[in-house]
Ligand SMILES: [Zn+2]
């Protein structure tokens with residue numbers, strides 16, 4: 001199984017899927033200083049993150065590069081716009097207070113029940129957000145070494161919450177929000193079957209958090225930085241893949 005396929009299996013890491021037990025199959029990636037990774041990823045633009053988002057998208061094969069670039073633009077626009085709308089509607093941009101005003105329940109717990117998972121946060125329909133504090137505690141230790149201000153515990157909590165808030169916004173505005181209304185036809189016969197594109201929702205959630213909190217970098221970089229807090233080897237492998245996806249390095253086989 002190629003390196004890309006392996007990472008594809010568990011999708012983006014933000015709400016976090018299972019931390020894969022790759023064992024000896026773990027792709028060997030060069031060791032890179034955390035500060036260097038942080039700096040490189042801080043320079044990624046929406047299109048570079050978009051290529052990462054689509055690399056985890058089950059429907060990726062249906063789109064060409066131009067379509068993906070357009071989807072990326074639209075998803076980022078959607079996230080940014082809704083941050084503005086929500087801020088205006090509730091007169092609030094602090095994620096915790098916004099959650100309250102939106103009628104959401106916010107829970108914090110150390111880690112998911114059952115264990116064995118790296119999970120940062122989750123939104124459960126219709127109205128519950130959970131933030132897992134284990135990753136916040138681990139990230140705090142890396143704050144200095146990384147130089148990334150998003151790892152500061154209070155800030156990280158806000159970023160995780162803001163991302164999940166977007167999923168609640170989607171739920172509450174399903175009829176009109178781009179990430180829910182934009183669909184592709186999977187097949188037509190005998191019945192039309194149209195599907196949303198999952199990675200648009202993730203890109204928009206990152207853009208929402210970025211705009212709401214006025215961040216100068218994309219919260220997408222937390223996929224690597226928080227993974228590093230659990231497994232350096234896996235963070236290096238993901239970083240290597242991102243450099244290829246981002247066009248900073250020629251793709252290997
Ligand atoms: Zn998400």
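Just round it to a whole percent: the fraction of Cα-Cα distances in the range 103-253 exceeding 21 Å.
In whole percent, the long-distance tail amounts to 54.
For each of 45, 64, count neighbouring Cβ atoms within 10 Å of the residue's Cβ, then give the residues from fewest to most.
With the fewest neighbours first, 45, 64 line up as 64, 45.
Residue 216 to residue 31: extension gain in nm, 0.36 nm per residue of separation minus the Cα-Cα distance?
Taking 0.36 nm per residue and subtracting the Cα distance, the gain is 64.0 nm.
Gain in length, residue 232 to residue 128, computed as 0.36 nm per residue apart minus the alpha-carbon separation, to one decimal in nm?
Contour length minus Cα-Cα distance gives 34.3 nm.
Could you check the simple spin-label distance between residue 107 and residue 183, using points 7 Å along Cα→Cβ, in nm with one decimal?
Here the answer is 3.1 nm between the modelled labels.
Largest first, please: the extent of the C-alpha atoms of the range 140-195 along each principal axis, to the nearest Å.
Result for the range 140-195: principal-axis Cα extents of 57, 23, 12 Å.
Under the rule of -39500 (n - 2.57) per DSSP H run of 4 or more residues, summed and divided by the residues of the chain, what mean residue ellipticity at 222 nm is obtained, to the nearest 500 deg cm²/dmol?
-16500 deg cm²/dmol
Figure the gain on full extension for residue 145 and residue 244 (residue separation times 0.36 nm, minus the Cα-Cα span) and round it to one decimal in nm.
The residue 145-residue 244 span can extend by a further 33.2 nm.
Tell me, what does the Kirkwood hydrodynamic radius of the chain come to in angstroms if you use every pair of distinct C-alpha atoms? Don't jump to the answer; show the numbers that get you there.
Numbers: mean 1/r = 0.0536 Å⁻¹.
For the chain, inverting the mean 1/r across all distinct Cα pairs yields 18.7 Å.
No value in this document is a laboratory result; all are computed from the given coordinates. None of these values were measured; they are calculated from a predicted model. Neighbour counts are summed over all protein chains in view; Cβ atoms, including those assigned to glycine, are modelled from backbone coordinates with ideal geometry.
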